[in-house]
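The structure appears below as structure tokens.
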């Protein structure tokens, strides 16, 4: 099994909190954005993608966030509902904020970039008063994404959500998801990442993200064991550190570590790999899989999504995922 | 003829100053934006459209503006150059600004709306120091669009451009182009519209735009003759007041007025009508047409553009325009 | 006489518009502020000082401005009323703004400096809608001070006041009063100084202030005759250019110029010299004095004020002023 | 004795972090500020006052903060140094910030208020990179004041200081010192107060301040025992809750509570009572006093300061304090 326990008497499996935005993916690929002409619109944002992935896998999923009071915002809410995600925690901005945008550029499968619109966005205007203790305590899991910490009042809304989750034994997953462009100051970033991580049961991030958090405190080791054990001294039970092409390692408080393997895929773009991994990994952990099995499910989901055009709409159902695991080639990492 | 004179010894026919942005036009029409999926990217912004229209008609055209330092900004500069517009006056922002966006929604030919992204946009960061007196004095005409007055430092850049234009007898066309969403305060808007209009030779706007400017000064007549004569007491020689479906009236300082007729068109969308009208109207006035003939050219150009998908890319060449005038049905307004 | 005419059928002689603030003058003089311990509180701000000077001289005076909703704001309004200044045009801020402060440091009579508090100040929050056309048309003179142009919405309020004044033939005096610390950008400053000066009948400033305005337009002559004649081509009838210790020169539209002399004084500090000069100079011009006589009155008033501790409270009555002129030594400038 | 232990091998007794500002105390008392004329200048700000009190009592004291680059800032640094406070942790702002001001109004001994200038103040611009781990680890005690949490980057600087203090076993005193006027949102305030308090060894505040922190989490008991035990579940060893005229109660982790008595004083003003109390209370705890004895020292110090004109300059030496305790009447609270 795995070191996590989930409160079973809860009507919702997972509530995600944070960014809801729009991806505008270039239809013409393998060229710079200067030469693309048309875009397709998808719901995006890391916690949105994870929530959609979770719902596709059959989990009862909810969302806490804020959308703009315009066609973009309504498109997002409609899409979540079409995917059976509970949106009672999604409020509508009344200040004239817009929906964040991410224009994607796919020059080659390995050379992808994003052009972001993050000024005056609705998702960062979520206020602490819009986070309901009664709602959070109905969930087994709270999924927090780091981008929601970038600005007030969304930053404070997340800390309030963490208080409620800790108080009611909701298991908290923290997907670091650090995006430098929404932050103005690296030290500011690191302060809040560290404060939030202290209150989380599972922390998932890249080596570079953990390094950013440690640099603030004059820690420059970049040592996975040290990083994991630092968080075990707070609340964490499981720490996943990603090393890009070299795969991920999951550390558990009992001292074990687990490496994930890879399902080689026909890659269209790299976007969405982390979110699809997270949604299936969490699903596995919540459904009596071992850490290694859950990591394998994450890898399979990532392989499926990076071969498709969108991040959110590409998320597999549990049947697709199981079928893929059963039939695709899997390469364990030594 | 017409009341305007143009300095003939200038290498450039027209320089436009102001907004350069991107239109993202929904490919699926006759539905709300919540239900559209794909968008096509075009250069947009009123002065950009007029400059493109001017260049297509064969005028030597330049632009003074600012673009973002990203793929969107480079797409705009590339497109202007492809259309033979001189871009030596187009600077590149270095502060992390983005390109303004306009998502269009075409619910029906008569029910079109725009969703704007105007936070932290590069075009409003044009600084007075980036407006060259030497460049402006090379032009016969300066085309100013009101949206550039919305914020500092673009606002001050326009006033400096007006000083240079007046000093060197560059004929100034002021297209009011008032867009409430980029302004925070109607009185603030009206102050700068009035100050700028004092320094212009031709003023083109809707009745509502002139009303907004007059309301500030406790003038509530909404009277075209009064409006025109107020501006004749400053510098204006020609004032065009648009009355939507009822057509436009052009007043000249000598007391004459001229009504434009209409070329009935198969309307796809209403966007771009004003910009295409302006580019052909200015072309006519600069090429020895009477005011009435220039207005007819404007109407023809508008008819062509509103039957096509884009605003900028749809601008006709002089051959297309002349052919349309020669063959299409024309309804004079009584 | 002088070239100005004033509408005699007006109940108010002069309305000043703009800055109302607090001076905190060090009681210990001839030392740096690091070593001063106590301060005395006075009403300050250039137009406030001029209005107080005007009222002391017996003119019917009013004020248009905005004060903070606290003890500082009420102190200002009380003081104005005690000096018989009409305050119906003084509104009270409701946004939590503070009163601007000026801490003075008098190291020696010739080495004085000011430490300003100008963040979030009430005076710059005066809104165009708070400027009454009915009120302005009751005055013979409108006194505008340049600092009110530093920020929106005060900037637009001044332009609206200028429109009303011009419409109703209120003679406008523009005291440039350029304070670099309230402006963020010299080009921005210069644009609005120039636009405002076009609408004024009398312009009073230092050579450096006029240079700042001309530099924007690539004029680098620093030539008094040129400067004066540039403004005569707009609306001005009288332009006063100050050359510090070398005295001031007043130019009139008919080509004449006038130099002011000096009343040698026992100087305590240099603050307030310009404001006291302006109030008595305007008084003279409004009371059938020649330009030279009015300048002499200005010099006398300045001599009185710079020998006293405050700027505002030190303003002389007409009896004091006349007595000073009659008895003090006067040195004409050759 | 008391429950706290202090690392004895440290060269500094106490480092305070946070606000450095100027108090401008009206010399004329028993009247509203509208009627006061002169002010005396003192160094102010809660942590500054506590540091000055600490130094006067003979403790080796340092400060971490930021001052403006002007006469006010230099006055503060000079005054700290004159009081033998180490200022190597005091940096000078380079962004044009000003020194915060507090104008005091003493209508009667029991009706005192403050008019604050807190826009663009230097003290809130302290950056995490300006907080030195090497410096903090030289101290026995770190004194944190809540106002420093009001804005970024000072807020993050405090969290970094807390990390260093916890890492190096520096005993942290948290003086809540909640001033609503520097905060824009009560929920935002409460989030950071709670996060900081988790990392502190001693928490001192009024009942209202603790209520504000608890309200965020839907705790409305206003129960001292509950409040204290909530913080004991984190890091705190000692929690002091003040009940205004009814005195204070100190709770220790072992379940004990202690009430302070009062030294009846001839009150001039109430300002400075809390800061003088804190400085002597901390002194007592650091010098082998029991909690009750330390509270008595705090009360004596408060009595001395509220009978004098300033907060900082009025802080007693250890001789004055001891003499006062030995001779003044003391009323224990039952």
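The values are calculated or read from the model by the stated rules, or taken from the named source; none is laboratory data. Everything numeric in this text was worked out from a predicted model, so none of it was measured. Cβ placement follows ideal geometry from the backbone for every residue including glycine, while neighbour counts extend to all protein chains displayed.
Key figures for this structure:
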{"read-out": "Helices (runs of 4 or more DSSP H) lying entirely in region D:201-313 (those with 1 or more residues that are closer than 29 Å to residue D:107 by Cβ)", "value": "D:207-215, D:273-286, D:291-306"}
{"read-out": "Counted residues, region A:208-220 - those being surrounded by fewer than 18 Cβ atoms within 10 Å (Cβ to Cβ) and under 21 Å from the mean Cα position of the chain (by Cα)", "value": "2"}
{"read-out": "Those residues of region D:29-49 which are assigned to a loop (DSSP other than H, G, I, E, B) and either free of Cβ contacts under 8 Å to residues at least 24 places away in the same chain or within 9 Å of chain C (Cβ to nearest Cβ) (or both), in sequence order", "value": "D:32, D:36, D:37"}
{"read-out": "Residues that are modelled with pLDDT under 95 and either more than 9 Å from every other protein chain (Cβ to nearest Cβ) or in a loop (DSSP other than H, G, I, E, B) (or both), drawn from region A:159-183", "value": "A:177, A:178, A:179, A:180, A:182, A:183"}
{"read-out": "Matching residues in region D:55-78 - criterion: being within 25 Å of residue C:105 (Cβ to Cβ) and touching a residue at least 60 places away in the same chain (Cβ under 8 Å)", "value": "D:65, D:66"}
{"read-out": "Pick from region C:106-130, criterion within 20 Å of the chain's Cα centre (by Cα) and farther than 18 Å from residue C:65 by Cβ, ranking: farthest from the other protein chains (Cβ to nearest Cβ)", "value": "C:112"}
{"read-out": "Subset tally (residues that are surrounded by fewer than 22 Cβ atoms within 10 Å (Cβ to Cβ), under 28 Å from residue D:294 (Cβ atoms) and touching a strand residue (DSSP E or B) at 6+ places or on another chain (Cβ under 8 Å)) for region D:57-80", "value": "2"}
{"read-out": "Neighbours by Cβ (under 7 Å, 6+ apart or cross-chain): first from region A:150-175, in contact (Cβ under 8 Å) with a residue 40 or more places away in the chain; second surrounded by fewer than 24 Cβ atoms within 10 Å (Cβ to Cβ) and in a strand (DSSP E or B)", "value": "A:170/A:140; A:171/A:140"}
{"read-out": "Verdict on residue D:276 being within 14 Å of another protein chain (Cβ to nearest Cβ) and at pLDDT 95 or above", "value": "no"}
{"read-out": "Criterion (more than 14 Å from chain B (Cβ to nearest Cβ) and either under 21 Å from residue D:184 (Cβ atoms) or crowded, with 17+ Cβ neighbours inside 10 Å (or both)) met by exactly one of A:186, A:156, A:133", "value": "A:156"}
{"read-out": "Within region D:1-37, tally of residues that are under 25 Å from residue D:268 (Cβ atoms) and out of contact with any helix residue (DSSP H, G or I) (no Cβ under 6 Å at 6 or more places or on another chain)", "value": "14"}
{"read-out": "Odd one out for residue C:71, checked against (1) in contact with a helix residue (DSSP H, G or I) (Cβ under 8 Å, 6 or more places away or on another chain); (2) within 11 Å of another protein chain (Cβ to nearest Cβ); (3) at positive phi", "value": "(3)"}
{"read-out": "Among (1) crowded, with 20+ Cβ neighbours inside 10 Å; (2) over 23 Å from residue C:82 (Cβ atoms); (3) touching a helix residue (DSSP H, G or I) at 6+ places or on another chain (Cβ under 7 Å) - the single one residue C:291 does not satisfy", "value": "(3)"}
{"read-out": "So residue B:52, is it on the phi < 0 side of the Ramachandran plot, away from chain A (no Cβ under 14 Å) and not in a loop (DSSP other than H, G, I, E, B)", "value": "yes"}
{"read-out": "Residue list for region A:136-153, filter: within 12 Å of chain D (Cβ to nearest Cβ) and more than 30 Å from residue B:118 (Cα to Cα)", "value": "A:136, A:137"}
{"read-out": "Residue match in region C:207-224 (condition: touching a helix residue (DSSP H, G or I) at 6+ places or on another chain (Cβ under 6 Å) and more than 14 Å from every other protein chain (Cβ to nearest Cβ))", "value": "yes"}
{"read-out": "Options B:147, B:189: the member that is under 15 Å from the mean Cα position of the chain (by Cα), farther than 16 Å from residue C:198 by Cβ and either at pLDDT 95 or above or part of a helix (DSSP H, G or I) (or both)", "value": "B:147"}
{"read-out": "Residue identified as without any contact (Cβ under 8 Å) to a residue 60 or more places away in the chain and crowded, with 22+ Cβ neighbours inside 10 Å among B:279, B:307, B:303", "value": "B:303"}
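Okay, residues lined up against (1) closer than 28 Å to residue B:13 by Cα; (2) in contact with a helix residue (DSSP H, G or I) (Cβ under 8 Å, 6 or more places away or on another chain); (3) at the interface with chain A (Cβ under 10 Å from one of its Cβ atoms):
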residue	(1), (2), (3)
B:82	yes, no, no
B:93	yes, yes, no
B:97	no, yes, yes
B:104	no, no, no
